[in-house]
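The values are calculated or read from the model by the stated rules, or taken from the named source; none is laboratory data. All values derive from a computational prediction rather than experimental measurement. Cβ placement follows ideal geometry from the backbone for every residue including glycine, while neighbour counts extend to all protein chains displayed.
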Amino acid sequence: MTASDGVVCCLPIKWWMYIVATLFILSGAGSVSSALAAPSQGVRINNLIYGVAFIVTAIFTIGAASTEKSMLLIPYLIAEVYLLFFYVCRIFRLCVD
């Protein structure tokens, strides 16, 4: 196996991206469900935006993985890294809202 085979950590990149998309869908569903039970409107809107962003990112990731063009995956991977950074930053209150 070489890097040109599209293999990441012993899995083809297509399956790896589907696993990532599944995690994003689960995280988005959790954010949307927590938005429904949030005590204030600001928290509701914030959680809803993050949840929808996770779900949209997962849909684009599945679309990029299904085309099997590795150059299409680069912008989505960058977007996912930024989204995860801000989500983790929000969880640990490292960023200013």
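Where the second residue is of a type in the set (S, T, N, Q) and modelled with pLDDT of 75 or more and the first is under 17 Å from Gly30 (Cβ atoms) and surrounded by 10 or more Cβ atoms within 10 Å (Cβ to Cβ) and lies in the stretch 81-97, which pairs have Cβ atoms under 7 Å and are six or more apart or on separate chains?
Leu83/Thr57
From the set of residues in the stretch 12-42 that are surrounded by 13 or more Cβ atoms within 10 Å (Cβ to Cβ), among the hydrophobic types (A, V, I, L, M, F, W, C) and farther than 15 Å from Ala58 by Cβ, which is modelled with the highest pLDDT?
Looking at residues that are surrounded by 13 or more Cβ atoms within 10 Å (Cβ to Cβ), among the hydrophobic types (A, V, I, L, M, F, W, C) and farther than 15 Å from Ala58 by Cβ, I get Ala35.
If a residue has to be modelled with pLDDT of 65 or more and either among the aliphatic types (A, V, I, L, M) or in a helix (DSSP H, G or I) (or both) to count, how many in the stretch 66-97 make the cut?
Qualifying residue count for the region: 21.
Filter the stretch 45-58 down to the residues that are of a type in the set (A, V, I, L, M, F, W, C) and surrounded by 14 or more Cβ atoms within 10 Å (Cβ to Cβ) and list them by number.
Once the filter is applied, which keeps residues that are of a type in the set (A, V, I, L, M, F, W, C) and surrounded by 14 or more Cβ atoms within 10 Å (Cβ to Cβ), the stretch 45-58 yields Leu48, Val52, Ala53, Phe54, Ile55, Val56, Ala58.
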